[in-house]
2 protein chains.
Amino acid sequence: MFYVIGLGLADEKDITVRGLEAVRSCRRLYLEAYTSMLLVPKEQLEAFYGTKLIVADRDMVETESDAILEGAKDVDVGFLVVGDPFGATTHTDLLLRARALGVPSRVIHNASIMNAIGACGLQLYNFGQAVSLVFFTENWKPDSYYDRIKENSELGLHTLVLLDIKVKEQSEENLARGRKIYEPPRYMSIPLAVDQLLYTETQRQQRVLSAKETLAIGMSRVGSSKQRIVAGTLEELQGAGDIFGPPLHSLVIVGKRLHPLEVDYAEESAINKAEWRRVAQQVYGCRLDE
Amino acid sequence: MFYVIGLGLADEKDITVRGLEAVRSCRRLYLEAYTSMLLVPKEQLEAFYGTKLIVADRDMVETESDAILEGAKDVDVGFLVVGDPFGATTHTDLLLRARALGVPSRVIHNASIMNAIGACGLQLYNFGQAVSLVFFTENWKPDSYYDRIKENSELGLHTLVLLDIKVKEQSEENLARGRKIYEPPRYMSIPLAVDQLLYTETQRQQRVLSAKETLAIGMSRVGSSKQRIVAGTLEELQGAGDIFGPPLHSLVIVGKRLHPLEVDYAEESAINKAEWRRVAQQVYGCRLDE
């Protein structure tokens, strides 16, 4: 059996009991380590599972799927994914490949940022499509995410912004010269994300985002005991660098279909409570009790 | 500490290791039993946890929150929620109440239908807002969900349709007479959901949904070993009553931003593979390899 097992969000104890049983039945275990990461090192997982993990980078998953699946008709092989297995396209590829090879597979679900983001107090059914924000470079500042936020925003919906993770990336020079030298991992912070959002706004000027009048909620290390939730205007979050601490960071752009209960719940996390309520009321048109 | 613990989707083993540790530390445990349900009886949870559970119905959660939270400053109290804790508004209420009482709280996340729906092979970031479909009655056929599907549809996005669950509901007569007599639980099936969707289409006639030209994916018992995934046109799903089996059922309306890889992945589950590909190609404009 080929198991694809969600690990949840924070550490080795976020696996489900069913997932742990599957892990312990596996002859070979891969840890997907490029679309997201847990907040603890691989060794901590290995100690808890009582077994070694093979780190699977993007290259391996995309080009060596048959090696990953080898023997899985006869013995159990596990593929561990941070969050839920259906976050990233490449895992669908793996499951399709298993199917083609006649290898039976089973998916074991877990929390992912796509649903745990509800912890910010905004209702999940008021979220539109999620978007990804990649690190801008000098010459490459892709902004199609802006159109997606605009679509959500016109419907009054919230947007989850997934912030870029660069693990085992090569510099342009090393890539061009074919040198397998990798840069240190980078994780986009909330303040940098806001910089980029506001930069795109200055370029596109469709008034989708405003430093002082767009509300947002930043969340770091969701699901861990060190989770931080910080609510405010984009400008307030941009200036709140130290509050969020280490990765991973996520960001929610608040839509106009904001409910008073959502305002109340998130107010606890607001950088400036009065300002949070003022914008909710005057800009978002939320009817709040005084 | 007041723990709000997600149980995941199917049975007692879908709880996380962290969740199970919290359960075992709790002096008192409530099981929320009205917004969703696991696929196993309460007794099976109790046997696995080694402790009794207090069933919390809507009434109790909405009117007796202080009783639920009693003593949680000094001992651990747990509130168990099927799926993830942030699916339903009332749990935000409970957490707000805990905050007001000065009771520390911790949320333990898990998979919910909001992210596990990815198992159908459609990419989560191509989903728009989720909608709820309630049981129509002779005199009450609320159709605001139709506007939400239309909004998603105009953007080409998929829609997760959450199907109604009626647990511990009173008949109109018993309600009017104040008799606490409850109807047997009811869970909306995929074919009934399609009936209702197409009924609303005949009323609204905005060509959002079409029996023969709207693709959809029905899923039953997501996350369990008895999960079924069935893809087809709305008409095909409407006629596929017996395939889905017992509750819970969920439905996805496929949007036009359909990717060829999504078509390939779901084809395995199609009632009629040729028809699935034909509609994807001719109606949805998907460029598929022949």
If we keep only residues of region A:16-59 that are closer than 19 Å to A:Thr90 by Cα and of a type in the set (A, V, I, L, M, F, W, C), then the residue surrounded by the fewest Cβ atoms within 10 Å (Cβ to Cβ) is A:Val55
If you take the residues of region B:88-104 that are surrounded by 18 or more Cβ atoms within 10 Å (Cβ to Cβ) and touching a Leu at 6+ places or on another chain (Cβ under 7 Å), which of them is nearest to the other protein chains (Cβ to nearest Cβ)? B:Thr92
Which condition number in (1) modelled with pLDDT of 95 or more; (2) more than 15 Å from A:Val279 (Cβ to Cβ); (3) of a type in the set (Ser, Thr, Tyr) is the one that A:Thr233 fails? (2)
Go through region A:182-220 and count every residue that is modelled with pLDDT under 95 and open to solvent by less than 20 Å² (accessible area, probe 1.4 Å). 0
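Are any of the residues in region A:71-86 within 23 Å of B:Arg106 (Cα to Cα) and within 9 Å of chain B (Cβ to nearest Cβ)?
Our first condition is that a residue be within 23 Å of B:Arg106 (Cα to Cα); within region A:71-86, this holds for A:82-84.
Narrowing the set further to residues that are within 9 Å of chain B (Cβ to nearest Cβ) leaves A:83-84.
The answer is yes; a qualifying residue exists.
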Among (1) within 22 Å of A:Tyr187 (Cβ to Cβ); (2) open to solvent by 60 Å² or more (accessible area, probe 1.4 Å); (3) not polar (S, T, N, Q) - the single one A:Asp66 does not satisfy: (1)
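Considering only residues that are within 18 Å of B:Tyr265 (Cβ to Cβ) and either away from chain A (no Cβ under 14 Å) or touching a Gly at 6+ places or on another chain (Cβ under 9 Å) (or both), look in region B:221-235 and name the one that is most open to solvent (accessible area, probe 1.4 Å). Walk me through it before giving the result.
Narrowing region B:221-235 to residues within 18 Å of B:Tyr265 (Cβ to Cβ): B:222-223, B:227-233.
Checking the rest, the ones that are also either away from chain A (no Cβ under 14 Å) or touching a Gly at 6+ places or on another chain (Cβ under 9 Å) (or both) come to B:223, B:228-233.
Details: B:Gly223: 12, B:Arg228: 100, B:Ile229: 39, B:Val230: 4, B:Ala231: 0, B:Gly232: 1, B:Thr233: 5 Å².
Among those that are within 18 Å of B:Tyr265 (Cβ to Cβ) and either away from chain A (no Cβ under 14 Å) or touching a Gly at 6+ places or on another chain (Cβ under 9 Å) (or both), it is B:Arg228.
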For the structure I just gave you, tell me whether B:Ser153 is open to solvent by 40 Å² or more (accessible area, probe 1.4 Å), assigned to a strand (DSSP E or B), hydroxyl-bearing (Ser, Thr, Tyr) and within 30 Å of A:Val107 (Cα to Cα). no
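Across region A:240-286, which residue is nearest to A:Val222 (Cα to Cα) among those that are β-branched (Val, Ile, Thr) and away from chain B (no Cβ under 14 Å)? Before the answer, list the steps.
Residues of region A:240-286 that are β-branched (Val, Ile, Thr), as a first pass: A:243, A:252-254, A:263, A:271, A:279, A:283.
This time we only want the ones that are away from chain B (no Cβ under 14 Å), so: A:243, A:253-254, A:271, A:279, A:283.
Numbers: A:Ile243: 14, A:Ile253: 16, A:Val254: 18, A:Ile271: 18, A:Val279: 25, A:Val283: 28 Å.
The extreme case among them is A:Ile243.
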Pick out the one residue from B:Thr90, B:Thr51 that is touching a residue at least 12 places away in the same chain (Cβ under 8 Å), among the polar types (S, T, N, Q) and closer than 21 Å to B:Ala111 by Cα. B:Thr90
Starting from region B:1-29, keep only residues that are at the interface with chain A (Cβ under 10 Å from one of its Cβ atoms), then list their pairs with residues that are of a type in the set (Asp, Glu) and in a helix (DSSP H, G or I) whose Cβ atoms are within a distance under 8 Å, requiring at least 6 positions of separation or different chains. B:Leu7/B:Asp14; B:Gly8/B:Asp14; B:Lys13/A:Glu21; B:Thr16/A:Asp14; B:Val17/A:Glu12; B:Val17/A:Asp14; B:Arg18/A:Asp14
Hey, can you tell me all the residues within region B:148-189 that are touching a Pro at 6+ places or on another chain (Cβ under 9 Å) and of a type in the set (Val, Ile, Thr)? B:Ile165, B:Val167
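The values are calculated or read from the model by the stated rules, or taken from the named source; none is laboratory data. Small disclaimer: the values here were computed from a predicted structure and weren't measured. For neighbour counting, all protein chains shown are included, and Cβ atoms are generated from backbone atoms with ideal geometry for every residue, glycine included. Accessible surface areas use protein heavy atoms only, side chains included; no ligands, DNA or RNA. Shrake-Rupley method; radii C 1.70, N 1.55, O 1.52, S 1.80 Å.
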